[in-house]
Amino acid sequence: MADRATELRRLAADISDHDAIDDAFVAKSFTDQLVVVDCKTGKELPDAITERLRDRGLDGANDVYATTDDEGSAAGAVGDATRHQFVDTETRGDHQSYVVD
């Protein structure tokens, strides 16, 4: 699992160097790892980045969780940026949240 986390952090760092991207980072939901990508103001998520993420086992959170009819990865605005979330399908469900009894 540690190798996958390292791979995702490197991927996020590489993506954040793209001209259209404001930030990219790895985050954790209750049971999944995510790569979160913030696009710069007025920029759209480049298809090449979406394809690169999919090639590495990351799919749009809306598609994975079947939460909305919106674009597969769109998560809304964060400040002036547009946020996209991608779920790591290779390790989906492998993470455990803390539960208080």
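Every read-out reported here was derived from the displayed coordinates using simple, explicitly stated rules and does not represent laboratory data. Here the structure is a predicted model, which means the values were calculated and not measured. Ideal geometry is used to build each Cβ from the backbone, glycine not excepted, and the neighbour counts take in all protein chains shown.
Computed values, structure above
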{"item": "Pair Glu44, Ala13: separation of 7 Å Cα→Cβ label points (nm)", "result": "3.1 nm"}
{"item": "Degrees, to the nearest 10: 2-16 long Cα axis against longest axis of the chain", "result": "10 degrees"}
{"item": "Entry for Rg and Dmax of the Cα atoms in Å (calculated from the structure that is shown) out of (1) 16.6, 64; (2) 13.4, 46; (3) 25.2, 82", "result": "(2)"}
{"item": "Label point distance in nm, Arg52-Glu71, each placed 7 Å from Cα along Cα→Cβ", "result": "1.6 nm"}
{"item": "Summed residue charge, Cβ within 15 Å of Ala48's Cβ, Lys/Arg positive, Asp/Glu negative", "result": "-3"}
{"item": "Total formal charge among the other residues, if their Cβ is under 13 angstrom from that of Val36, Lys/Arg +1 and Asp/Glu -1", "result": "-2"}
{"item": "Computed over the range 2-88: relative contact order in percent, which uses C-alpha pairs under 8 Å that are six or more apart", "result": "27 percent"}
{"item": "Estimated 222 nm signal from helices in the chain, with DSSP H stretches of n ≥ 4 weighted -39500 (n - 2.57), rounded to 500", "result": "-8500 deg cm²/dmol"}
